[in-house]
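The values are calculated or read from the model by the stated rules, or taken from the named source; none is laboratory data. In this text the structure is predicted, and so the values were computed from the model without any measurement. Glycine also receives a Cβ, built like all others from the backbone with ideal geometry; neighbour counts cover every protein chain displayed.
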Amino acid sequence: MDRKVAIVTGAARGIGLATTGLFLDDGWHVAMVDKDAEALHAAAADLGEVTAIVCDISDPAAVDAMVAEVTNICGRIDALVNNAGEADFGPIEETTFARWRFVMATNLDGTFLVSQACIPALKQSRGAIVNIASISGLRASTLRVAYGTSKAAVIALTEQQAAELGEYGIRANCVAPGPVKTKLSMAVHSPQIIAAYHDAIPLNRYGSEGEIGAVIVFLCSEKASFVSGQTVAVDGGFESTGIGLPALRA
Ligand SMILES: NC(=O)c1ccc[n+]([C@@H]2O[C@H](COP(=O)([O-])OP(=O)(O)OC[C@H]3O[C@@H](n4cnc5c(N)ncnc54)[C@H](O)[C@@H]3O)[C@@H](O)[C@H]2O)c1
C-alpha cells in the first residue's frame, strides 16, 4: 500500500470514528477495529475504502490474528491508536473484582496487547503509537477507582513504550481527553457529573470527538516527529486549573 496505514481501535463510534475520518482526510488508510461487529460494519460502509476488522482487544489470540490480518491486507502499519475503552463508575466499596477486571481488560491489557503485537511492523515503518487515556488518569476523582486507575496506568505504559521503543525510531504518546458526549460518557455522566465538569473547565463546555481526534492525528504525523513520551490533555483547561471558576462566573 502506498498510503500510510493507521490502526484505530474502538473505531465504530465516538472518538475512534471521528479520528478515522480525520486520518482519511489526510490521505491515510485506516484499519478500523472494534468488538461491536454491527456498528463497525455500518460505520465502515459509510466511510468507503477502509479495512474493518472485528476484534476484542482484551483477547490475546484475537489481537494477534487482527494484527496479522492488517499486515497481510495493508502490508504496513505506520500508526497505532489505542482508543477502545470501557467506563464503569462506582464507589470503591461497590467495585467488585469482576467490574475492576472488565475495565482493566480493555483499557490496560488491550492497550498493552495491541501495542506489543504491532511492534514488528512499527519497527519497519519507524511508526507511532498514540494511547488514549483520560483526565481521570491525570487527576483522581470519586467513582473512578477502576477507570481512573486504568487510565493512569495507560499514561505510565506510554512512558515505558517511549523509553524502550525509541531505539527503533518508534514514538509513543498519550492523549488525555476531557469530557466528550459519546455513548461511553453518557452512560456514566449523571447530571451532577456534567455540572461538575462545567464548573471545573475554563472553557465551560464538553469537547467534541473531532477536537480530540485532531490531536491524535497530529501526534501520529511527521509534524510531531520529535515528540515522544508525552501526555497531552485535550480538556478545555481542566488539568491546569484548581478552584475558583464558579465564583468567577457568579
Ligand atoms: N467520551 C469521553 O468523555 C472520554 C473522556 C476521556 C477519555 N475517553 C476515552 O476515549 C476512548 C474512546 O471513548 P468514546 O467516548 O469514543 O467511547 P465509545 O463508547 O463511543 O466508543 C468506544 C468504542 O470502543 C469499542 N470497544 C470497547 N471495548 C472494546 C474491546 N475490548 N475491543 C474492541 N473494541 C472495544 C466499543 O465497541 C466502542 O465502539 C476510550 O478509551 C475512553 O476511555 C473518553
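Just a few scattered comments:
- Scope segment 1-27; condition over 12 Å from residue 81 (Cβ atoms), surrounded by fewer than 24 Cβ atoms within 10 Å (Cβ to Cβ), modelled with pLDDT of 95 or more and of a type in the set (A, V, I, L, M); matching residues: 24
- Elements of type helices (runs of 4 or more DSSP H) in segment 96-171, at least 1 residues being modelled with pLDDT under 95 and surrounded by fewer than 17 Cβ atoms within 10 Å (Cβ to Cβ): none
- Residues being outside any strand (DSSP E or B) and buried (at least 20 other Cβ atoms within 10 Å of the Cβ) - total across segment 216-250: 8
- Checking each residue in segment 179-195 for being free of Cβ contacts under 8 Å to residues at least 60 places away in the same chain and farther than 17 Å from residue 139 by Cα picks out 181, 186, 190, 191, 192, 195.
- Pair list, Cβ under 8 Å, 6 or more apart: segment 212-230 residue at pLDDT below 95, other residue basic (Lys, Arg) and surrounded by 17 or more Cβ atoms within 10 Å (Cβ to Cβ): none
- Which numbered condition residue 63 fails, given (1) crowded, with 19+ Cβ neighbours inside 10 Å; (2) more than 13 Å from the ligand (Cβ to nearest atom): (2)
- When restricted to residues that are small (Gly, Ala, Ser) and within 13 Å of the ligand (Cβ to nearest atom), segment 66-84 contains 1.
- Taking the conditions (1) within 15 Å of the ligand (Cβ to nearest atom); (2) touching a residue at least 40 places away in the same chain (Cβ under 8 Å) in turn, residue 198 satisfies each one other than (2).
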